[in-house]
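Q: Supplied in structure tokens, the structure appears directly below.
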Amino acid sequence: MHCPFCRHTDSRVMDSRATDDGSSIRRRRQCPECGKRFTTVETAALSVVKRSGAAEPFSRAKVLVGVRKACQGRPVTEDQLALLAHQVEESIRGAGQAEIDAHEVGLAVLEPLRHLDEVAYLRFASVYQAFDNLEDFEQAITLLRVERDEGMGEEPRRGMPAGGQGASVAPPD
Ligand SMILES: [Zn+2]
């Protein structure tokens, strides 16, 4: 590992520590040349393969951008968004693959987003699953209704009015 300060070609590991969830290791290093210290983080490489076949490193920030867009104007907090992105990354890394399709990232977003906000879910699904007519929306809404009816008797979801009514698809203002 090159020193980021003086570009010396070697550095010494002073301390290694795994993060609590075991998904990464932080190493405290010191440059024997200039004496400065720096930290490196080691995680398993996770590549996302796009439809074009090009691969890029998985980015939680990218997931956040997409989900935040879908949640515009919705009663969803930044904390909830961050938690969702964290859940998505965990479920993807939990699968233990080094490479996943971009499609699978989208799939991993849909489930937690549905629980967070149904309108945001429909927006995300409409882009991600390329809805191109009203029937596609109708089908997705019908599925949401079926699942909601099956879930009757559960505690009302956060952000949902009692009785589970009131979610509707409105055009973004
Ligand atoms: Zn140095």
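The values are calculated or read from the model by the stated rules, or taken from the named source; none is laboratory data. These figures come from a predicted structure and were not determined experimentally. Methodologically, a virtual Cβ is constructed for each residue, glycine included, from the backbone with ideal geometry; neighbour enumeration extends over all protein chains shown. What goes into the accessible areas is simple: the full protein's heavy atoms, side chains included, and nothing from ligands, DNA or RNA. Shrake-Rupley method; radii C 1.70, N 1.55, O 1.52, S 1.80 Å.
Q: Identify, please: which residue in the stretch 2-19 is under 30 Å from Gly94 (Cβ atoms) and touching a strand residue (DSSP E or B) at 6+ places or on another chain (Cβ under 6 Å) and is, among those, farthest from the ligand (Cβ to nearest atom)?
A: This residue is Ala18.
Q: Would you mind telling me which numbered condition in (1) within 16 Å of the ligand (Cβ to nearest atom); (2) in contact with a Leu (Cβ under 8 Å, 6 or more places away or on another chain) Arg27 fails?
A: Just one mismatch for Arg27, condition (2).
Q: I'd like the residue in the stretch 38-54 that is over 23 Å from Phe124 (Cβ atoms) and assigned to a strand (DSSP E or B) and, out of all such residues, is modelled with the lowest pLDDT. Before the answer, list the steps.
A: Keep residues of the stretch 38-54 that are over 23 Å from Phe124 (Cβ atoms), which gives 38-45, 53.
Subset that is assigned to a strand (DSSP E or B): 38-43.
On the way: Phe38: 96, Thr39: 95, Thr40: 93, Val41: 88, Glu42: 87, Thr43: 81.
Result: Thr43.
Q: Same structure again: For Gln72, all conditions in the list (1) within 16 Å of the ligand (Cβ to nearest atom); (2) part of a loop (DSSP other than H, G, I, E, B); (3) surrounded by fewer than 16 Cβ atoms within 10 Å (Cβ to Cβ) hold save one; what is the number of the exception?
A: For Gln72, the exception is condition (1).
Q: Quick check on Arg51: is it away from the ligand (no atom under 16 Å from the Cβ), within 15 Å of Val109 (Cα to Cα) and not β-branched (Val, Ile, Thr)? Steps first, answer last, please.
A: Details: away from the ligand (no atom under 16 Å from the Cβ): yes; within 15 Å of Val109 (Cα to Cα): no; not β-branched (Val, Ile, Thr): yes.
Criteria not met by Arg51.
Q: Can you find, within the stretch 38-48, the residue that is farthest from Gly106 (Cα to Cα) among those that are in contact with a Pro (Cβ under 9 Å, 6 or more places away or on another chain) and away from the ligand (no atom under 16 Å from the Cβ)?
A: My answer is Ala45.
Q: A further question on this structure: Between a first residue in the stretch 2-13 that is surrounded by 11 or more Cβ atoms within 10 Å (Cβ to Cβ) and a second residue that is of a type in the set (Ser, Thr, Tyr), which pairs have beta carbons less than 7 Å apart while being 6 or more apart in sequence or on different chains?
A: Listed pairs, sorted by first residue: His2/Thr9; Cys3/Ser11.
Q: Determine which member of the set Gly66, Gly35, Gly22 is in a loop (DSSP other than H, G, I, E, B) and more than 16 Å from the ligand (Cβ to nearest atom). Spell out how you get there, then give the answer.
A: Numbers: Gly66 fails: in a loop (DSSP other than H, G, I, E, B); Gly35 fails: more than 16 Å from the ligand (Cβ to nearest atom).
Only one candidate qualifies: Gly22.
Q: Name the pairs: first residue in the stretch 80-97 and in contact (Cβ under 8 Å) with a residue 60 or more places away in the chain, second residue open to solvent by 50 Å² or more (accessible area, probe 1.4 Å), Cβ to Cβ under 7 Å, at least 6 apart or on different chains?
A: Pairs that qualify, where the first residue is in contact (Cβ under 8 Å) with a residue 60 or more places away in the chain and the partner is open to solvent by 50 Å² or more (accessible area, probe 1.4 Å), are Arg93/Ser23.
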